[in-house]
Structures are given as structure tokens and as C-alpha cells.
Amino acid sequence: MRAWSTSVVRRAVAAVVQLSLAVAALAGTQGSTLPNAAGSLKFAVIGDNGTGSREQYDVAEQMVRFHKQFPFDLVLMMGDNFYGSQRPADLEKKFGVPYKPLLDAGVKFQASLGNHDQIHTVNYAPIGMGGQRYYTFVRGPARFFVLDTNALDQTQLTWLDNALQGAKEAWKIAYFHHPLYGNGGRHGGDVQLRVRLEPYFLKYGVQIVFSGHDHVYERLTPQNGILYFVVGSSGQLRKGNLGQSNSTAAGFDRDQAFLACEIVADKLHFQAISRTGATVDSGEYQRPARSGN
């Protein structure tokens with residue numbers, strides 16, 4: 001009888017903890033906390049989204065709602081854009097349908113490849129890869145560098161070196177699937193990838209790096225002056241998978257989420273929004289001063 005009572009108590013305590021976490025998330029700030037300045041660079045970030053599940057569609061619906069008050073016109077995709085079957089009908093179900101309102105509003109999606117993405121998806125026009133595994137593009141004051149960390153060979157590294165060297169924009173932002181830093185319990189930061197990529201980022205003054213792969217949201221404390229985000233829960237989720245570390249500035253692993261960003265002059269403003277519309281992280285980052293900028 002005593003063992004049965006202990007088991008009941010433990011289940012009750014666990015239920016209270018889960019309810020408290022859910023209430024805390026729902027109690028987050030509703031609506032935009034971003035400046036929403038005229039002429040600023042506004043964009044969203046999603047990762048590991050392509051499940052075709054109800055949860056992915058819920059996040060997409062939150063993005064549509066958020067877009068009405070914060071009219072971002074760009075979405076960065078951290079890879080694993082599609083899970084499972086990737087026939088034309090699957091691509092529509094896992095991308096074309098959930099994001100149709102944003103696509104119809106003229107929002108441009110720019111994807112990177114994840115380890116679950118089949119290579120032919122680089123030719124699926126709506127995700128903006130133009131048939132390329134890695135590429136660069138400019139929006140306003142920022143140049144974006146999109147990498148394929150599934151196959152980071154010397155050819156790609158030489159391309160990155162040249163692209164970074166030639167970039168004149170004030171903001172340099174890199175994104176790709178596998179995180180260099182992170183405290184997700186399933187994967188965490190990829191040290192070997194960090195050794196290969198971080199020297200280029202430091203040499204040429206990259207300020208922001210986005211990744212996915214771990215199915216959580218995490219903002220790292222700046223590492224060597226660079227601000228790193230893991231945005232890997234826009235479709236998939238590993239609930240409770242974010243470990244405790246001094247390098248975690250903020251994190252959310254209780255529900256799916258996406259990230260909204262705005263660059264105004266020398267500041268990046270950011271706001272992470274859950275599947276229920278709650279704000280689970282927000283803040284700003286001052287672009288470090290660098291000679292020549």
C-alpha cells in the first residue's frame with residue numbers, strides 16, 4: 001500500500017510540474033515585442049519543420065498570425081525541410097500547404113539542407129535553393145551564407161572563404177543544419193564542425209549563426225563574440241531534451257517554436273514564439289564594432 005501511495009504521489013507531482021511548465025509558456029508575452037521599424041530587415045527562422053504533422057501546421061499558423069503584425073518577407077530554413085517520403089505530393093503537404101498564406105503574401109523562403117533532406121529537393125523552387133547545396137544572398141544590410149554541413153568538403157570551404165572575403169555588407173549571417181554550439185541532449189554542438197568553420201567566421205567577422213538539428217530552441221551566450229541560435233523545433237520536438245549549461249542564455253524544449261528577427265541599424269532584435277503563440281525568449285544583440293565597418 002505504501003509503494004502504491006508513493007507511485008501516486010510521484011505521478012501527481014510530475015503532473016503538477018508539467019502543468020506549471022505549460023502555464024508558464026502560455027503566460028509568455030503575446031504579440032510582437034520587436035521594434036517593427038519602417039524599412040528594417042525582418043525575417044523568421046524555422047528548422048526541422050518538414051513533418052507534415054499537426055504541430056508543424058500549428059507553428060505555420062502562428063507564423064501567419066505573427067506576419068499580420070510583423071510583416072517579415074523572408075524565412076530562413078535550417079534544414080530537415082522534409083522528413084520521410086519526398087515525392088512531389090509530399091513536398092506540397094510538408095511545405096506548400098502549411099506555408100501557402102505566407103507564400104501568397106510574397107514571403108521568400110531560403111533553405112539549407114538537413115540530414116533528412118533528399119538531394120533532389122534543392123530543385124524544389126519554393127524553398128529558394130535554386131538547385132544549389134550552398135549559396136549566398138543579400139537582403140538589406142545583411143549578407144547570408146547558406147552552407148551544406150552534410151558534406152562540408154574543401155571545395156565548399158574554399159567557396160566560403162572567397163564569399164566571406166568579398167562581402168561588404170555590415171551584417172554577415174551564416175546558417176546551416178548542424179550546430180557548432182548547443183546543449184541539446186541528442187546531439188549538442190559538433191566540435192569537429194566548429195574547428196573547421198569557426199576560424200572563417202572569426203576571420204571575416206560573422207556576427208550571427210543559426211542552426212537546427214537538435215529539436216529544441218536555444219540561444220547561446222555569445223561564443224568568441226558570435227551569437228549562436230539553435231532553431232530545431234518548428235516541426236519536430238524532443239521535449240525535455242535541452243541540457244543545463246552556463247553557455248545557454250535561453251532555451252525552450254516544451255513545445256514547437258519559431259524565431260522572428262529584425263535588424264535595425266547595429267542591433268539584431270529577436271523573439272522566439274511557441275506553437276501556442278507565447279513568447280519564450282526575446283532580446284537584442286549589438287553588432288560588435290569591427291575595423292572597416
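What follows draws every value from the coordinates through simple rules; no lab data is involved. For clarity, every value in this text was computed on a predicted model and none was experimentally measured. Counting neighbours? That spans all protein chains shown, and the Cβs are built from the backbone with ideal geometry, glycine included.
Order by neighbour count: Val206, Val195, fewest other Cβ atoms within 10 Å first, most last.
Numbers: Val206 22, Val195 10.
The order, fewest Cβ neighbours first, is Val195, Val206.
Please give the FRET efficiency for Glu92 paired with Thr221, using the beta carbon to beta carbon distance and R0 = 41 Å, rounded to the nearest 0.05.
Working: r = 40 Å, r/R0 = 0.97.
Once the sixth-power term is evaluated, E becomes 0.55.
Hey, what number do you get for the chain at 222 nm if only DSSP H runs of n ≥ 4 count, each worth -39500 (n - 2.57), divided across all residues, to the nearest 500? Before the final figure, lay out each step's value.
Numbers: 6 runs with 76 residues, N = 293.
Rounded to the nearest 500, the figure is -8000 deg cm²/dmol.
Tell me the label-point distance for the pair Ala125, Ser85, using the 7 Å Cα-to-Cβ offset, in nm and rounded to one decimal.
Simple spin-label model gives 2.5 nm for this pair.
Can you pull the one-decimal nm distance between simple spin-label points at Leu202 and Asn162, each 7 Å off the Cα toward Cβ?
For Leu202 paired with Asn162, the spin-label model returns 2.6 nm.
Where does each of Thr149, Thr121 land when they are ranked from fewest to most other beta-carbon atoms within 10 angstrom? Before the final figure, lay out each step's value.
Values: Thr149 24, Thr121 20.
If I rank by nearby Cβ atoms, fewest first, I get Thr121, Thr149.
Springs between alpha-carbon atoms under 10 Å, Gaussian network over the chain: tell me which of Ser32, Ser274, Ser112 tops the mean-square fluctuations.
Ser32
Return the FRET efficiency for the residue pair Glu169, Ala37: r is the Cβ-Cβ distance, R0 is 22 Å, and the value is rounded to the nearest 0.05.
Numbers: r = 18 Å, r/R0 = 0.83.
After rounding to 0.05, the efficiency reads 0.75.
May I ask you to list, by number, the DSSP H helices of the chain whose Cα span along the axis is at least 18 Å and whose average Kyte-Doolittle hydropathy reaches 1.0 or more?
2-26
Any chance you could count the Lys pairs in the chain whose alpha carbons are under 16 Å apart, treating pairs 8 or more apart or on different chains as valid?
10
At q = 0.17, 0.21, 0.23 Å⁻¹, work out log10 I(q)/I(0) for the stretch 35-127 with the Debye formula, treating every Cα as an identical point scatterer and leaving solvent out; two decimals please.
The calculated log intensity ratios at q = 0.17, 0.21, 0.23 Å⁻¹ are -0.68, -1.01, -1.19.
So if I take the centroid of the Cα atoms in the stretch 252-293 and the same for the stretch 54-115, what is the distance between those two points in Å?
First find each Cα centre; the distance between them is then 19 Å.
What FRET efficiency comes out for the pair Lys108/Asn246, r = Cβ-Cβ distance, R0 = 35 Å, nearest 0.05? All intermediate terms of the calculation are to be shown ahead of the outcome.
Values: r = 37 Å, r/R0 = 1.06.
Computed FRET efficiency for Lys108 and Asn246: 0.40.
For Rg and Dmax of the Cα atoms in Å, several values are listed as (1) 17.8, 52; (2) 19.2, 74; (3) 24.3, 80; flag the one computed from this structure.
Identified label for the calculated read-out: (2).
How do Asp90, Asp48, Asp80, Asp153 line up, fewest other C-beta atoms within 10 Å first?
Numbers: Asp90 17, Asp48 30, Asp80 26, Asp153 9.
Exposure proxy ranking, most exposed first: Asp153, Asp90, Asp80, Asp48.
What does the charge count near Gly182 come to, summing +1 for each Lys or Arg and -1 for each Asp or Glu among other residues with Cβ under 9 Å from its Cβ?
On the way: positive: none; negative: Asp190, Asp214, Glu218.
Around Gly182, the surrounding residues sum to -3.
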